[in-house]
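Everything on this sheet refers to the single structure shown next.
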Amino acid sequence: MTTGLIKSTSLLTRAPFIYGLVAGAAAAYILTNKSVQGTIFRTAAGAMNAVKGGLEEAKERFNDAEAEIQAESEIDEPAAKPE
């Protein structure tokens, strides 16, 4: 026969409880530590700048390719002869 104390102790050893406890402790540490917050925000800002730079580079390559296609089509089409 199990008592209430043994049942509650077995709850504390279950994996979901332990994971939740660790996640909660990590969240509390991050939310209260200014140094960690600063590091996280600087890292996020750097990542955002990298993404923005990559998007700008992709747009530039797309525009270059579009201009090349336009230039090739102008060369391939014969000039209209005046009548």
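Observations, loosely collected:
- Distance between modelled label sites at Asn49 and Gln37, nm, 7 Å Cα→Cβ extension: 2.2 nm
- Rg to Rh quotient for region 34-75, alpha carbon positions, Kirkwood Rh: 1.45
- Using 0.36 nm per residue and subtracting the Cα-Cα separation, the extra length available between Leu21 and Glu72 on full extension is 12.0 nm.
Taken together, the values in this text are just the output of simple stated rules run on the coordinates, not laboratory data. It should be emphasised that the depicted structure is a prediction, and the values quoted were computed from it without experimental measurement. Reconstructed Cβ throughout: ideal geometry from the backbone, glycine too, with neighbour counts over all protein chains shown.
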